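Below is one structure; the comments refer to it alone.
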Amino acid sequence: MMRLLSIEFMKVRPAKYFWILLSLFAFILAAIPIGTFALGNWIIGNLLPADLPIQSVLPLYDFADIWQNFTFIYQFFTVLLSSIVAIQIAQEFSLRTARQQVIDGLSRKEFFLGKVYFLLTLAAAVTAVVFAICLIFGLIYSPVTDIESILLNIEFIPAYFLHLFHDFLWAMFIAILIRRTGIAVVVLIFYGWIESILHAIIQFALRMEWLAKMLPNGATKILIHNPFSKYALMETQTNIALGDLAISLGYITLLLGVNYWMIKKRDL
Amino acid sequence: MSSVLEIVNISKDFGRISAVKNLSLQVSKGAVFGILGPNGSGKTTTLAMILGASNPTSGSFNWFGENGNHQVRKRIGAILEFPVFYPSFSAEKNLRITARIKEVSAERIDVVLGMVGLLERKHDAFKTYSLGMKQRLAIASAMLCDPEVLILDEPTNGLDPQGIAEIRTIIRDIAEQGKTIILASHLLDEVQKVCTDFCILKSGNLIYQGKVSDSEQSTTTEIEVGAADKDLEIHLRKIPFVQTVTRVGDYCRVVVLSGHDAAALNAYLNTMGIHVSHLITRKESLEEKFLSILNVQA
Ligand SMILES: Nc1ncnc2c1ncn2[C@@H]1O[C@H](COP(=O)(O)OP(=O)(O)O)[C@@H](O)[C@H]1O
Ligand SMILES: [Mg+2]
């Protein structure tokens, strides 16, 4: 496993796109909690009518809400990371390096496992950083910092990890299917947009929520529901539904299987 | 001689096109084996199958007598079609990845780069290389594991004469180390210059297999002779250095033993009192043979 993982890291470490997209994502990770605080308070103080009940953005940072609040927002930027995945994997086919590596003695299974280990490592590392950011900002701004409040709702951290891994496997699927680097990234992004329109139609016009949930790209964001409706005093889901977890795990298994099968069966 | 590679009835279809049809081949240890055939004859497809990059439609093959899994490929160095590397990475970074895949020591990197004369350029990005340098880097990469078999697919394609000469020298040096080499090429000249054995593929069919030396021996000098004398043929057969005589229309085609030529034949016939009215030397090269084999099978 370490050999396969180290091979994957040798492939990304000298690559410019990897560092550019990763830095951009890291910048967003830091900018959102800092920016929300600065900009949000400025808006509340200067633009909103003074008689509104909202005094500051600080409740966003409260334990245990912070876990869901930030993992929910960060989900929208995962596409930067899944673009890394799509570029890296599609490139292996368009440059023919996948073929050369199999010729050099990598089995197709090892090629697949190397990618999966890499995706798991990337997802785990990003999750760890997100965990640290939420913890730090919570400790600074949350009025309650007892261990019980902190741990309440911490399940959104593993949920975020599943979201990342699921999203990466989806990008891997598109990359293996399309094999052309530029086109794969464009399809990944455009399909995401088109699907969200489709999602709205199915959910609101056709009123088939169960079907909307099954859309493959949207399903990657199924675990972490929008927490912000609660600040408008609406009913809000603040836990992870078992049905959603089943859909997510089902998709992860399916994508692992299909991706492996495509690498195994198709000519390189 | 033990066989390094054995292919049994291998076929590959791409939809309705069959690129390789029921091909069987054996390559013995130490051979420099040429796979000769025009573009599209199935050379690359065959190599891709025996290297695990393409799944055969039917048939089987084995390396070193084992039923080939991926481990066996770590003992083989191979390049298909064109050099494949990460363009923006240096030669060294690229070869480090290959070394890790083949599980060989990174110390081999400088050895093989030295062998192909790229040591000074090892920190430059692959995309800055000339085509000849890329091709040499590909050979270096194939030599990383000190392979028992080296497989090259059109290694001089697109190179200028100097580049071609450099690659051929490298191949010959490697062959002299006693390594088995499989070389696919559409250039007869290339196969003739470096190979000991060869086969010819056409439209996915194996149409000839033999030793290069055999086919060179049969590269014969044929002399076409014409004379008024109607017993020309009988006289020709009496000449000691004449091997065969065939009648073609008004003329006789004569194959002479090596070391003899048209002048000698003419002189001899003169001593027999025959005056030659028509005398043409036709040398049938391997090239003509290659072309005629291809045409016969068309
Ligand atoms: N991936 C593919 N899809 C469809 N046809 C292919 C593919 N690869 C090769 N072919 C066809 O198979 C035949 C043999 O090709 P190839 O093995 O590349 O020939 P060579 O290497 O001798 O020039 C050609 O007709 C080619 O068009
Ligand atoms: Mg070819």
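The values are calculated or read from the model by the stated rules, or taken from the named source; none is laboratory data. Remember, it's a predicted structure, so these values are computed and weren't measured experimentally. Cβ sites come from the backbone with ideal geometry, for glycine too, and all protein chains shown count toward neighbours.
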Worksheet item: Which residues, counting only those in the range B:4-17, are more than 16 Å from ligand 2 (Cβ to nearest atom) and farther than 12 Å from B:I50 by Cβ?
Response: B:N9, B:S11, B:D13, B:G15, B:R16
Discussion item. Here is a check on your reading of the model: is A:I252 touching a helix residue (DSSP H, G or I) at 6+ places or on another chain (Cβ under 8 Å), hydrophobic (A, V, I, L, M, F, W, C), closer than 20 Å to A:F72 by Cα and part of a helix (DSSP H, G or I)?
Written reply: yes
Item to complete: Name the helices (runs of 4 or more DSSP H) wholly inside the range A:135-231 in which the number of residues that are of a type in the set (V, I, T) and in contact with a Phe, Trp or Tyr (Cβ under 8 Å, 6 or more places away or on another chain) is 2 or more.
Response: A:156-178
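Residue by residue, here is whether (1) under 26 Å from B:N39 (Cα atoms); (2) within 16 Å of ligand 2 (Cβ to nearest atom); (3) within 14 Å of another protein chain (Cβ to nearest Cβ) holds:
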position	(1), (2), (3)
B:T169	yes, no, no
B:E190	yes, yes, no
B:K211	yes, no, no
B:E222	no, no, no
B:V245	no, no, no
Practice prompt. State yes or no: is A:I43 modelled with pLDDT under 95, surrounded by fewer than 18 Cβ atoms within 10 Å (Cβ to Cβ) and touching a Phe, Trp or Tyr at 6+ places or on another chain (Cβ under 9 Å)?
Written response: no
Worksheet item: Checking B:E154 against (1) within 16 Å of ligand 2 (Cβ to nearest atom); (2) within 14 Å of chain A (Cβ to nearest Cβ), which single condition isn't satisfied?
Response: (2)
Worksheet item: On the given criteria, is A:H225 more than 14 Å from chain B (Cβ to nearest Cβ), under 19 Å from the mean Cα position of the chain (by Cα), surrounded by 14 or more Cβ atoms within 10 Å (Cβ to Cβ) and free of Cβ contacts under 8 Å to residues at least 24 places away in the same chain?
Response: no
Worksheet item: If you check B:I109, B:I101, B:I79, B:I97, which single one turns out to be out of contact with any Leu (no Cβ under 7 Å at 6 or more places or on another chain) and surrounded by 21 or more Cβ atoms within 10 Å (Cβ to Cβ)?
Response: B:I97
Response to the item:
Selection from the range B:62-76 of residues touching a Leu at 6+ places or on another chain (Cβ under 7 Å) and either buried (at least 23 other Cβ atoms within 10 Å of the Cβ) or more than 10 Å from every other protein chain (Cβ to nearest Cβ) (or both) yields B:W63, B:R73
Fill in: In the range A:242-261, the residues that are surrounded by fewer than 16 Cβ atoms within 10 Å (Cβ to Cβ) and touching a residue at least 12 places away in the same chain (Cβ under 8 Å)
A:L245, A:L249, A:V258
Worksheet item: For B:I109, are the conditions met, namely being within 14 Å of ligand 2 (Cβ to nearest atom) and either hydrophobic (A, V, I, L, M, F, W, C) or not in a strand (DSSP E or B) (or both)?
Response: no
Worksheet, complete the sentence: Among residues of the range B:176-187 being outside any strand (DSSP E or B) and under 13 Å from B:G77 (Cβ atoms), the residue farthest from ligand 2 (Cβ to nearest atom) is B:Q177
Worksheet item: Does the range B:75-89 contain any residue that is in the same structural domain as B:I182 (by TED's automatic domain parsing), among the basic types (K, R), under 23 Å from A:S6 (Cβ atoms) and in contact with a helix residue (DSSP H, G or I) (Cβ under 8 Å, 6 or more places away or on another chain)?
Response: no
Worksheet item: So which of B:L36, B:L23 is crowded, with 23+ Cβ neighbours inside 10 Å, touching a residue at least 40 places away in the same chain (Cβ under 8 Å) and within 10 Å of ligand 1 (Cβ to nearest atom)?
Response: B:L36
Worksheet entry | Residues of the range B:1-20 classified as away from ligand 1 (no atom under 13 Å from the Cβ), of a type in the set (D, E, K, R) and assigned to a loop (DSSP other than H, G, I, E, B), total | 0
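Listed here are the residues, each with its yes/no results for (1) polar (S, T, N, Q); (2) free of Cβ contacts under 8 Å to residues at least 60 places away in the same chain; (3) surrounded by fewer than 21 Cβ atoms within 10 Å (Cβ to Cβ).
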residue: A:I66; (1), (2), (3): no, no, no
residue: A:F70; (1), (2), (3): no, no, no
residue: A:F76; (1), (2), (3): no, yes, yes
residue: A:V85; (1), (2), (3): no, no, no
residue: A:Q88; (1), (2), (3): yes, no, no
residue: A:L95; (1), (2), (3): no, yes, yes
residue: A:D104; (1), (2), (3): no, yes, no
residue: A:K115; (1), (2), (3): no, no, no
residue: A:T121; (1), (2), (3): yes, no, yes
Worksheet item: Considering only residues of the range B:117-162 that are assigned to a strand (DSSP E or B) and within 16 Å of ligand 1 (Cβ to nearest atom), which is farthest from B:V72 (Cα to Cα)?
Response: B:D153
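Okay, residues lined up against (1) under 14 Å from B:V27 (Cα atoms); (2) outside the structural domain of B:T46 (by TED's automatic domain parsing); (3) among the hydrophobic types (A, V, I, L, M, F, W, C):
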| position | (1), (2), (3) |
| --- | --- |
| B:A175 | no, no, yes |
| B:I181 | yes, no, yes |
| B:L187 | no, no, yes |
| B:E190 | no, no, no |
| B:V194 | no, no, yes |
| B:C199 | yes, no, yes |
Practice prompt. Answer with yes or no whether B:R100 is more than 20 Å from B:L152 (Cα to Cα) and away from ligand 1 (no atom under 16 Å from the Cβ).
Written response: yes
Practice prompt. Evaluate the following for B:A91: is it modelled with pLDDT of 95 or more and away from every other protein chain (no Cβ under 11 Å)?
Written response: yes
Item to complete: Check B:N39, B:N94 and return the single one that is more than 14 Å from ligand 2 (Cβ to nearest atom) and polar (S, T, N, Q).
Response: B:N94
Worksheet item: List the pairs whose first member sits in the range A:123-148 and is free of Cβ contacts under 8 Å to residues at least 60 places away in the same chain, whose second member is buried (at least 19 other Cβ atoms within 10 Å of the Cβ) and of a type in the set (S, T, Y), and whose Cβ atoms are under 6 Å apart, counting only residues at least 6 apart or on separate chains?
Response: A:T127/A:Y160
